[in-house]
Amino acid sequence: MKLQPDAKKTSFPWFGMDIGGTLVKLVYFEPLDVTAEEEQEEVECLKSIRKYLMSNVAYGSTGIRDTHLELKNLMLHGRRGNLHFIRFPTHDMATFIHMGRDKNFSTLHTVLCATGGGAYKFEEEFRTIGNLQLHKLDELDCLVKGLLYIDSPSFNGQAECYYFENALDPEQCRKMPYNLQDPYPLLVVNIGSGVSVLAVYSKDNYKRVAGTSLGGGTFLGLCSLLTGCESFDEALELASRGDSTHADKLVRDIYGGDYERFDLPGWAVASSFGNMIHKEKREVVSKEDLARATLVTITNNIGWIAKMSAVNEKINRVVFVGNFLRVNTLSMKLLAYALDYWSQSQTKALFLEHEVCRRQRLLHKNENWNVYEEIKHII
């Protein structure tokens with residue numbers, strides 16, 4: 001995947017990587033129209049890579065290919081192929097680089113495009129160990145341009161963006177496609193290890209208007225400390241079975257009911273994890289409760305920052321993106337409800353299909369779970 005600026009033909013990138021602080025997200029374009037030149041010069045290597053990637057959905061103990069996200073028979077810049085999505089923890093980057101070396105990735109006449117902080121952090125290892133040169137791209141440029149590209153009809157002809165209609169009504173709430181054909185202005189909330197908020201006014205005119213260090217990495221880090229979980233999916237699994245009110249102190253815990261003067265209902269959270277100052281409550285709280293409280297606390301913080309940024313920038317559409325939402329239907333519905341509630345239905349929360357895993361039932365295993373009860377906690 002070495003860059004070849006003097007090559008006669010234009011190199012096409014089989015791979016794109018977003019190397020974040022917590023996860024590496026890898027996109028693999030599996031060509032279906034291998035050219036005669038490619039057939040002659042790199043067929044064995046190309047076949048070896050394809051066989052390895054397509055014969056597995058798991059790589060080692062941590063790498064996963066999300067088969068539910070696969071896009072088949074796609075046209076990209078005149079090339080036809082299938083698009084595959086693979087992820088693994090950033091701390092396993094050395095394993096990936098060695099695998100690329102062992103499978104002779106560097107012999108392919110293609111470009112290895114990379115973005116995220118890891119594109120800079122691991123550049124030397126790619127070059128010296130894997131004999132691979134990265135074509136580095138700014139992650140926020142990629143985010144804005146990629147968001148608009150994947151929602152365009154020329155990409156795959158299907159709506160990528162959606163929202164929750166009637167987000168305030170549990171009986172009528174449903175997922176609906178949203179057309180981003182006229183996207184500007186737009187607020188983009190990128191939830192990765194941390195969070196960046198971008199105000200986008202045109203394709204080339206955007207600025208970072210806010211952010212927070214409390215993001216997906218915070219959720220996983222705190223859950224790991226509090227519960228001993230080993231992965232993001234495990235943390236969400238625990239959260240799906242917990243009750244955050246066992247850890248949080250509510251208004252009614254202080255006032256005995258509603259705080260009527262300021263219209264604060266008794267069920268609103270007065271202090272996240274506030275109950276944990278009491279020894280007797282610490283002794284009975286479960287790992288599941290702690291994971292749930294952590295998820296609600298992080299989502300609450302992100303929701304308020306998004307809401308205030310939208311008000312400050314006078315923007316009424318907010319797109320939430322990032323791997324924090326990948327199997328996290330709960331947080332998406334919390335954000336949708338909260339923005340609708342706070343703005344009196346004037347601000348719309350938008351999401352992307354390829355941020356979501358089809359295994360959404362992960363957060364529905366508890367049949368008594370009611371997102372609208374949980375939603376109250378971030379209002």
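The values are calculated or read from the model by the stated rules, or taken from the named source; none is laboratory data. Please read these numbers as outputs of a predicted model, since none were measured by experiment. Cβ atoms come from the backbone with ideal geometry, glycine included; neighbour counts cover every protein chain shown. For the accessible areas, the whole protein counts, side chains as well, though only heavy atoms, and no ligand, DNA or RNA atoms are used. Shrake-Rupley method; radii C 1.70, N 1.55, O 1.52, S 1.80 Å.
What to note about this one:
- Percent of alpha-carbon pairs separated by more than 15 Å within region 212-271: 60
- Folded to 0 to 90 degrees: helix 36-54 orientation relative to the chain principal axis, Cα: 30
- For region 75-168, the percent of C-alpha pairs falling in each 5 Å distance bin, counted from 0 to the bin holding the largest distance, reads 2, 10, 15, 20, 17, 14, 11, 5, 3, 2, 1.
- For region 213-317, the ratio of Cα radius of gyration to the globular rule of thumb 2.2 N^0.38 Å stands at 1.20.
- Rg over Rh for region 307-351 works out to 0.98, both radii taken from alpha-carbon positions and Rh defined as the Kirkwood radius.
- Over the chain, relative contact order from alpha-carbon pairs under 8 Å, at least 6 apart, %: 15
- Here region 111-231 is treated as a sphere whose radius is the Kirkwood value from Cα pairs; by Stokes-Einstein at 37 °C and 0.692 mPa s it diffuses with a coefficient of 187 µm²/s.
- The dipole here belongs to region 97-143: it is taken about the Cα centre, uses +1 on the Cβ of Lys and Arg and -1 on the Cβ of Asp and Glu, and is about 220 debye.
- Counting 0.36 nm for each residue step from LYS175 to SER55 and taking away their Cα separation leaves a gain of 39.8 nm.
- Considering all C-alpha pairs of the chain, those separated by over 28 Å amount to 50%.
- With the highest mean first, a sort of the peptides 222-235, 327-340 on other beta-carbon atoms found within 10 angstrom per residue produces 327-340, 222-235.
- Solvent-accessible area of TYR120 with every protein chain in place, 1.4 Å probe, in Å² to the nearest 10: 130
- Between region 91-141 and region 290-323, the alpha-carbon center distance in angstrom: 32
- Per-pair calculated FRET efficiency, R0 = 35 Å: SER224 and TRP267 via Cβ, rounded to 0.05: 0.75
- When +1 charges are put on Lys and Arg Cβ atoms and -1 charges on Asp and Glu Cβ atoms, the dipole computed for the chain relative to its Cα centre reaches about 160 debye.
- Computing Rg and the Kirkwood Rh from the Cα coordinates of region 148-203 gives a ratio, Rg/Rh, of 1.03.
- Between the listed residues GLY16, ILE64, TYR28, the Cα displaced farthest toward the positive end of the dipole of region 12-120, a dipole computed from Cβ unit charges relative to the Cα centre, is found at ILE64.
- Helix 139-150 axis, angle to the chain major axis (alpha carbon atoms, nearest 10°): 90
- Overall dimensions of region 264-321 as given by Cα atoms, namely Rg and Dmax in Å: 15.4, 46
- Against the main long axis of the alpha-carbon atoms of the chain, helix 287-313 sits at an angle near 80°.
- Among the listed pairs LYS136/LYS207; LYS145/LYS175; LYS72/LYS207, those beyond 32 Å (Cα-Cα): LYS72/LYS207
- Its residue count N fixes a reference of 2.2 N^0.38 Å for region 50-110, and the Cα radius of gyration divided by that reference is 1.24.
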